[in-house]
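J.: Dropping the structure in here first, questions after.
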Amino acid sequence: MSLKAIYAGSFDPITNGHIDIIDRALHIFDTVYVSVIDNLDKQPLFTINERIDFISNSVASEKIKVEGFQGLLVNYAREKKIFKLIRGLRAVSDFDYEFQMSLTNRAQEPRIDTVFLMTDQKYSYLSSSIVRQLAKLNGNIDDYVSDYVRNKLKEKFNG
Ligand code: COA
């Protein structure tokens, strides 16, 4: 039986911290759907198609599938018939929110379970908004994103 999981997020843009979680998930699951949320409450810097393109060009594995989704994550999970969600934990401060989301998702759909993976320590303080801010202000983001994403961020902010 093929084990599948969904790793959902805004990925605006994907960082090396996200890639670290995907790599870890691929040691457990046969296929990981990296699912990019379309209808964000946050105003994204990059369009859904750009965010999908960045992931496809940053993670080279036939075991990942990248796609967009809208609405409730549990509805998307039901459509795909995949009831394992991956979440990365960076620090203890992530836990409260993750706990709340995990239990809410399970209350909506009892078949859902969330698998938590610890991010590598070197990414424990990283977020997409930190990367966006550094890129905008010409900071060094070499260690935080793929070369592909770094170039796209440069194009975005420097024209
Ligand atoms: N490495 C680096 N950064 C990480 C990270 C990691 N391992 N894990 C999380 N982050 C960053 C993200 O990039 C994001 O950064 P930003 O806020 O600066 O953009 C931040 O931490 C928060 O990440 P996350 O909690 O994953 O939020 P998200 O916006 O990426 O994704 C969804 C949240 C899409 C999974 C969630 O909102 C959802 O399921 N929405 C659908 C609607 C729904 O079902 N709601 C009910 C849920 S209970």
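J.: Are any residues in region 103-129 small (G, A, S) and either more than 8 Å from the ligand (Cβ to nearest atom) or exposed (fewer than 13 other Cβ atoms within 10 Å of the Cβ) (or both), and if so, which ones?
T.: We begin by selecting, within region 103-129, every residue small (G, A, S); these are 107, 124, 127-129.
Scanning region 103-129 gives A107, S124, S129.
J.: Test D12 against the stated conditions and say whether it is near the ligand (Cβ under 9 Å from one of its atoms) and free of Cβ contacts under 8 Å to residues at least 24 places away in the same chain.
T.: Details: near the ligand (Cβ under 9 Å from one of its atoms): yes; free of Cβ contacts under 8 Å to residues at least 24 places away in the same chain: no.
Here the answer is no, as D12 does not meet what is asked.
J.: In addition: Can you name the residue in region 30-58 that is more than 13 Å from the ligand (Cβ to nearest atom) and β-branched (V, I, T) and, of all such residues, is farthest from E155 (Cα to Cα)?
T.: Quick first cut of region 30-58, residues more than 13 Å from the ligand (Cβ to nearest atom) only: 30-32, 47, 49-50, 52-53, 56-57.
Retained after the next criterion (residues that are β-branched (V, I, T)): 31-32, 47, 52.
Numbers: T31: 32, V32: 29, T47: 15, I52: 17 Å.
Only one residue fits best here, namely T31.
J.: Among the residues of region 3-33, write down those that are within 23 Å of L134 (Cβ to Cβ), of a type outside the set (D, E, K, R) and in contact with a strand residue (DSSP E or B) (Cβ under 9 Å, 6 or more places away or on another chain).
T.: G9, S10, F11, I14, G17, H18, I21, I22
J.: List every residue pair whose Cβ atoms sit under 6 Å apart, with the two residues 6 or more apart in sequence or on different chains, where the first one lies in region 115-138 and is without any contact (Cβ under 8 Å) to a residue 24 or more places away in the chain and the second, anywhere, is of a type in the set (F, W, Y) and surrounded by 12 or more Cβ atoms within 10 Å (Cβ to Cβ).
T.: Partner pairs satisfying both residue conditions: A135/F157; K136/F157.
J.: Moving on to the next point. Kindly check whether there is at least one residue in region 71-80 that is touching a helix residue (DSSP H, G or I) at 6+ places or on another chain (Cβ under 6 Å), within 23 Å of I28 (Cβ to Cβ) and among the basic types (K, R).
T.: Looking for residues that are touching a helix residue (DSSP H, G or I) at 6+ places or on another chain (Cβ under 6 Å), within 23 Å of I28 (Cβ to Cβ) and among the basic types (K, R), one finds none in region 71-80, hence no.
Values in this text are rule-based calculations from the coordinates and carry no lab data. Since the structure is predicted, the reported quantities are computational estimates derived from the model, not experimental observations. FYI the Cβ positions are ideal-geometry reconstructions off the backbone, even for glycines, and counts take in every protein chain you see.
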